[in-house]
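We did not get these values from a lab; they are worked out from the coordinates using the rules stated. This one's a predicted model, so the numbers in the text were calculated from it and none came from an experiment. We place every Cβ from the backbone using ideal geometry, glycine too, and count neighbours over all the protein chains shown.
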Amino acid sequence: MKQALLLAGVLLGLTGVVWILQGFNVLPGSFMTGQMIWAYIGIAVSMIGSVVIWIAVRGGAGSNGARCLASRASLQVRMFDR
């Protein structure tokens, strides 16, 4: 799961960079070349890719984060049972 998220984030980031370059007319050869809307869309896609990479590197919600919260909750319950 972590590797799939990382791959998806990298692909989103690279796609966003290509769209940014096409929007700014740096990378010619497409109907997107010179269209500023594609630069804005590319920025948004790159940002989404960065967030996906961050989630993949951080570990996501399904890894140790859920277990850590569960262990804290059980510790608090045990403290109040005394």
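Values for this structure:
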{"read-out": "Separation of the Trp54 and Met36 label points, Cα + 7 Å toward Cβ, nm", "value": "2.7"}
{"read-out": "Gain on full stretching of the segment that runs from Gln3 to Val17 - 0.36 nm per residue minus C-alpha separation", "value": "2.9 nm"}
